[in-house]
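Beneath this line is the structure, given in structure tokens, with notes to follow.
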Amino acid sequence: MSKNRIIELLARKQAGEATPAELEELNKLTALYQDSVYYEEFLKQLWLNPQQELEIPDTEQAYLLHKLKFADEFSVPEEKRKTISFRKAIVLTGIAAMLAVVVSVVIFYFNGRDKFVPDIEIVAGKGIRKKIKLPDGTMVWLNSDSKLSYDSDIKKRKKRVVYLVGEAFFDVAHDKVHPFIVRTDKICVKVLGTAFNIKAYPVDKKSETTLLRGSIELSVNDRSAQKIILNPSEKFALVENKKERSLKPERSPKSLKDITLTIQHVVPVRIGQNEYIQETSWRDSQLVFQNESLEDLQPKLERWFNINIKFDNEKPKLYRFTGVFKDETIEETLKAMQLIKPFHFNLKDHDLIIY
């Protein structure tokens, strides 16, 4: 029990979290258990190399390395070597047991402290858009029907991690030591300081990331080894292609899920005398769309105006529109679209029927 306590206190000391009382307790314990130097040396090596993968050597290798480093202290007369072989086995057994404890403590103090455990959740319901300032100074614009989760201690973490469901625009506070990471259910984006937009609604087949300033490193969750670097004014899109196929018994449906990855330049939409960045116009409360079918516009209109849309006629689904709306109501928006294509609608409360 005392040796476990020594390791815990050593970890707190290396992390700079030990109180004066704990340091005094550590000094007393190390005086009683002089072999604690093994644990302290091991923890120091982990602290000096925090970016390396945690690789625990076998007990024999650990013992030999330590013996080589402190050769003078381990030197014994030839006639005594046979008598300590059994004691060496006991020491190795003890080291093996304590290594397990060390690993647990180290993981808790050096890895667990940066584990993503969000305790704050910001939700923007349908028809609502929010502007948020995170504790590290990062500005976030949260689009309708979206959710952002993060740790209240994000500023103190080695990695500033947030989780997004929906769409958000990020203007990240620059910090070259602590990368900013946005996770969604399909992609992960890593930055130091930049401005970009992520659209990742669970119901949409397409997830998009648009970069305006700086650079970002992007990866698909189930293909994390493949990294994609975006430059300013570039857009990344992930599209899921879920096609029905004949399956062989040994193949699972999950293995057949195909995705298409594309990178394009961001092209402004010109309407009248003005130009708009369609991917980020929502941040300025502008709903911009270019040559989109009414069926494709359905989820956007539902989120923007907090309504539920149902089609009683298949023909209007194929009508395509280009436009920009800002302060218009859903009724004003539909009447303006009726001037371009013939269709009818019936609006009652939050239910809209198009026919």
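Some observations on this one:
- As a fraction of the 1.4 Å probe accessible area of the stretch 154-193, surface on carbon and sulfur atoms comes out at 54 percent.
- Note on the stretch 109-210: percent of Cα-Cα distances in each 10 Å bin, starting at 0 and stopping at the bin with the largest distance, equals 16, 52, 28, 5, 0.
- Between E22 and R270, full extension at 0.36 nm per residue minus the direct alpha carbon distance yields a gain of 82.7 nm.
- Computed accessible area, D222, all protein chains, 1.4 angstrom probe, square angstrom: 110
- Ligands, DNA and RNA aside, R270 has an accessible area near 140 Å² when probed at 1.4 Å.
- Note on surface exposure: W282, W141 rank W141, W282 by accessible area, highest first, 1.4 Å probe.
- The relative contact order of the stretch 280-355, computed from alpha carbon pairs under 8 Å that lie at least 6 residues apart in sequence, is 37 percent.
- Members of K13/K190; K133/K156; K317/K341 lying beyond 21 Å, as alpha-carbon distances in this model show: K13/K190
- Each 10 Å bin from 0 upward holds the following percent of the Cα-Cα pairs of the stretch 135-183: 25, 59, 15, 0.
- Against the compact-protein benchmark of 2.2 N^0.38 Å, the Cα-based radius of gyration of the stretch 179-244 scales to 1.09.
- Charge dipole of the stretch 262-348 (Cα centre as origin; +1 on each Lys and Arg Cβ, -1 on each Asp and Glu Cβ, all else neutral): 160 debye, rounded to the nearest 20.
- Taking other residues whose beta carbon is less than 12 angstrom from the beta carbon of A237, and scoring Lys, Arg as +1 and Asp, Glu as -1, yields 0.
- Eigenvalues of the alpha-carbon gyration tensor of the stretch 251-355, scaled by 5 and square-rooted, set the equivalent ellipsoid semi-axes at 26, 22, 13 angstrom, largest first.
- Amide N proximity, the stretch 190-204 versus D296 label position 7 Å along Cα-to-Cβ, cut-off under 19 Å: 198-204
The values are calculated or read from the model by the stated rules, or taken from the named source; none is laboratory data. In this text, all values refer to a predicted model and were calculated from it rather than measured experimentally. In this analysis, Cβ positions are derived from the backbone assuming ideal geometry, glycine residues included, and neighbour counts consider all displayed protein chains. For the accessible areas, the whole protein counts, side chains as well, though only heavy atoms, and no ligand, DNA or RNA atoms are used. Shrake-Rupley method; radii C 1.70, N 1.55, O 1.52, S 1.80 Å.
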